[in-house]
Structure formats: C-alpha cells, structure tokens
Amino acid sequence: MKLGRNDPCHCGSGRKYKHCHYEEDRAAEAAALKEAEEARAREAEAEAAAEAADEKEGAQDERAAARAESTGRPKPGGSRFFRESGPGGRGGGGGRSQTGTSGSPTSRTTRGAQRGS
C-alpha cells in the first residue's frame, strides 16, 4: 500500500509523512529510476556494438570468401592439410595426388634414401 503525504510517517515519529521522510524517499526513488535508465542505455549501447561487430565480421568473411574464390585459394579458417583435391576428395599435399598414371599409389622416397644412405 502506498503511503499518502498526509499519513503518519513510516519511521514512527508521529509527524506527517510530508514533513518527515517524503523528500528523502522521493530523492531515493529518483536516483533508482535514473540508475535503471542508465543501465538500460548501457545495455542498448553494448547490444548495438555487438551487432556492429557481427556485421563487420560477416562482411570480412564474405570478402575473404570472395577473394579466395577469385584467387582459387581455399576459404580461410580451413585446414591446409585437408583441402579438396579434385575428384579424389580429401587429399593431403595441397592438391597433389599420390597415385601414378595407373591409379595405384606410388611409393614415396624417404629422406634417408634421397641422401644415398
């Protein structure tokens, strides 16, 4: 129940509310409202900044994808070890196939064999 101005004060002094705690309570209420409004403004500002960052990130991703498509490079963020290499699907070595002309895997020369040891 809301206290009226001419009601006795809630502190028990016996004075009317308007002569005792009315101004203090109004100032406290105004401060609480102002603080709540500032909090809402900060929240809206943070939300707007987050949306702007998301839009900027999305635009950068789109530009990077377009640049990768035009240069023939893979999209950024993917692993360079699992690029698609033509009809074989996932292949290591950046698109080089490890099969010979007959379609069977070729043997890879080890470092020791290259040195002649």
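The values are calculated or read from the model by the stated rules, or taken from the named source; none is laboratory data. The structure displayed is predicted, hence computed values, not measured ones. FYI the Cβ positions are ideal-geometry reconstructions off the backbone, even for glycines, and counts take in every protein chain you see. These accessible areas exclude ligands, DNA and RNA; they are computed on the full protein's heavy atoms, side chains included. Shrake-Rupley method; radii C 1.70, N 1.55, O 1.52, S 1.80 Å.
Points worth noting:
- E45 meets all of the listed conditions (1) open to solvent by 100 Å² or more (accessible area, probe 1.4 Å); (2) in a helix (DSSP H, G or I); (3) at pLDDT below 85 but one, namely (3).
- Residue check for G4: at pLDDT below 90 and surrounded by 10 or more Cβ atoms within 10 Å (Cβ to Cβ): yes
- The numbered conditions (1) over 26 Å from the mean Cα position of the chain (by Cα); (2) at pLDDT 90 or above are all true for E38 except (1).
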